[in-house]
Amino acid sequence: TKREDIRNIAIIAHVDHGKTTLVDELLKQSGVFRQNQEVQERVMDSNDIERERGITILSKNTAVFYKDTKINIIDTPGHADFGGEVERVLKMVNGVILVVDAFEGAMPQTKFVLMKALELNLPVIVCINKIDRPEARPDEVIDEVLELFMDLDASDEQLDCPFVYASAKNGYATLSLDDEPKDMMPLFETILNYIPAPEGDPDANTQVLISTIDYNEYVGRIGVGKVDNGCLRVNQDAIMLNAHDPEKQKKVRISKLYEFDGLNKVEVKEAKIGSIVAISGIADIHIGDTICDPENPVAIPFQKISEPTISMNFIVNDSPLAGQEGKYITSRHIRDRLFKELNTDVSLRVEETDSADSFKVSGRGELHLSVLIENMRREGYEFAVSKAEVLYHTDENGKKTEPMEQAYIDVPDEFTGVVIEKLSQRKGELQNMGSISGGYTRLEFKIPSRGLIGYRGDFMTDTKGNGIINTIFCGYEPYRGDIQYRKLGSLIAFESGESVAYGLFSAQERGSLFIGPGEKVYSGMVIGQCSRGEDIELNVCKKKHLTNTRSSSADEALTLTPPRILSLEQALDFIDTDELLEVTPESLRIRKKILD
Ligand code: GDP
């Protein structure tokens, strides 16, 4: 059976592209199309820190009404995926809205969530927002979005997606740039027509997979999920199961059910197929639990929540000055607050240590833990933290493996060199690099999690606050060896296990150069790899002023025409070797050649 009166959609947007404004506007106009709906102030992302950092950590639900249809809108986390949340949210919906700024275009941070949506075969509505901006370039942005879809292996149907032009700020959406702007109706209609209604079997055994957890001081833990089959009623007896934990099988009684209405939860007596329902009163409800009928209960499989990759100790501040910055300073305060956090954050782990004054807190990357630290400090908690440490694994052969991350970076062109240099030193591997609009370069790295510890501060300084970095855990790989590097003036070399990566110009030397026909290389860029002791052949040409560069430092830029293959010694003639730095004995043969 189909629930034609419901649509479940997720909303994906890069920060500041107007997701909140858009949902607000749909909510407001929902009041027009369906009376008796009070409009409240925006609460879609209520967490200040999330906003500042440009990420949304907890998914939140909003329901808007259009004519006879309820549209459940589920917020998706920003790029950083703290523990499989994206996938769980997307499993509740039948389609997504991708909100893209009509000037900025699709940003790499949304790529991960979009990729997951496309993989799950969800239809996508592309909403080109801020169409009112004078610099808006909707046609180009559409091309960029389609290119991104193709990069992500979208299906033909997905590529044939509807585009809606919107000005969330001014409250309108249109299907064509020539249409007279009026209201949000075209977007509402597109949702109804393009996103399938949820389906399920009302006579089958009830199954509700808990996808997110809310927490409320008064009612405690609240499980939120979609009714996949059957029906859930207040006062019904049910069985709670977990696909990953067969031991957990528990009889529960459904005491309170809610559905979403606007920004609120309202109590309901029953929830049918396709409904997004919130269940309170079950103290030990967890993500991944399935609420089933007592007869023939079957757990729905779900993507296992991934384990923490990094840990820090939260330590009571026992200095005589303690209490100056916060009012909650005792071990008890900190302990209670940390354990409370576990109610809503499934990818966090908190452990007691030998010291009553220290708690080991593990999470998904440094950012994850620093968001928690800042939240707690704002709430008035005062404590010290230890340095972050990576949680290593041992593989089946007893070899040490380490957590790896994919880093997506946008930086103004002139800072590309320094970013590449630093991340290469930290064992990062450059996987992709390309120009994007506005004089920005987009970089994609694979890097050990430990290489990112403490890097964000450097990154902000190095890019004068103009860079964006987002990272996502991508599994465990063999340990890449200790981080160490040598810098040879303008020739830079990075050791990484058996191989040596080399690059031409130091990051301090800004600008770009061409290497080979049509190939652009930035200063500081790693341009090749060789084994220890191997000769390097560089494809280098003469230094010359450049005219066609978007770099702000055209004067310092270099071209290499015509391309030639040179030996390292020859190449060095083109390089300023004045500032050769000291190198250590176990260093490379390159160094020997230079010093000879
Ligand atoms: P979010 O981070 O994606 O939730 O973005 P917000 O909804 O908070 O919007 C970010 C900024 O863009 C705010 O200053 C909004 O007023 C502005 N904004 C949102 N929609 C539009 C629009 O359609 N046109 C213009 N010009 N600005 C908009």
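The values are calculated or read from the model by the stated rules, or taken from the named source; none is laboratory data. Please read all numbers here as calculations on a predicted model, not as lab measurements. Neighbour counts are summed over all protein chains in view; Cβ atoms, including those assigned to glycine, are modelled from backbone coordinates with ideal geometry.
The table for this structure:
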{"read-out": "Boolean, Pro196 is more than 15 Å from Thr290 (Cβ to Cβ), modelled with pLDDT of 95 or more, assigned to a loop (DSSP other than H, G, I, E, B) and more than 16 Å from the ligand (Cβ to nearest atom)", "value": "yes"}
{"read-out": "Failed item, numbered, when Asn36 is tested on (1) modelled with pLDDT under 90; (2) more than 16 Å from the ligand (Cβ to nearest atom); (3) closer than 15 Å to Leu187 by Cβ", "value": "(3)"}
{"read-out": "Count of the stretch 101-155 residues which are within 16 Å of the ligand (Cβ to nearest atom), surrounded by fewer than 16 Cβ atoms within 10 Å (Cβ to Cβ) and over 17 Å from Tyr172 (Cα atoms)", "value": "1"}
{"read-out": "The stretch 339-376: number of residues that are hydrophobic (A, V, I, L, M, F, W, C) and assigned to a helix (DSSP H, G or I)", "value": "7"}
{"read-out": "When residues of the stretch 165-193 are limited to those that are part of a helix (DSSP H, G or I) and among the hydrophobic types (A, V, I, L, M, F, W, C), the one farthest from the ligand (Cβ to nearest atom)", "value": "Leu192"}
{"read-out": "Top-ranked residue in the stretch 12-24 [being crowded, with 23+ Cβ neighbours inside 10 Å and of a type in the set (A, V, I, L, M); ranked as farthest from the ligand (Cβ to nearest atom)]", "value": "Ile12"}
{"read-out": "Verdict on Gly220 being surrounded by 16 or more Cβ atoms within 10 Å (Cβ to Cβ), of a type outside the set (S, T, N, Q) and modelled with pLDDT under 95", "value": "no"}
{"read-out": "Test result for Val208, in a strand (DSSP E or B), among the β-branched types (Val, Ile, Thr), farther than 30 Å from Arg253 by Cα and in contact with a Ser or Thr (Cβ under 8 Å, 6 or more places away or on another chain)", "value": "no"}
{"read-out": "Count of residues meeting criterion [modelled with pLDDT under 90 and in contact with a Lys or Arg (Cβ under 9 Å, 6 or more places away or on another chain)] in the stretch 108-125", "value": "1"}
{"read-out": "Residue in the stretch 304-314 that is of a type in the set (Val, Ile, Thr), closer than 16 Å to Arg233 by Cβ and out of contact with any helix residue (DSSP H, G or I) (no Cβ under 7 Å at 6 or more places or on another chain) present", "value": "no"}
{"read-out": "Strands (runs of 3 or more DSSP E) enclosed by the stretch 403-502 - at least 2 residues per element that are at pLDDT 85 or above and buried (at least 22 other Cβ atoms within 10 Å of the Cβ)", "value": "440-448"}
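Conditions tested, residue by residue: (1) at pLDDT 90 or above; (2) surrounded by fewer than 17 Cβ atoms within 10 Å (Cβ to Cβ); (3) not basic (Lys, Arg).
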residue	(1), (2), (3)
Phe302	no, no, yes
Pro308	no, no, yes
Asp318	no, yes, yes
His333	yes, no, yes
Leu342	no, yes, yes
Thr353	yes, yes, yes
Phe359	yes, no, yes
Ser362	yes, no, yes
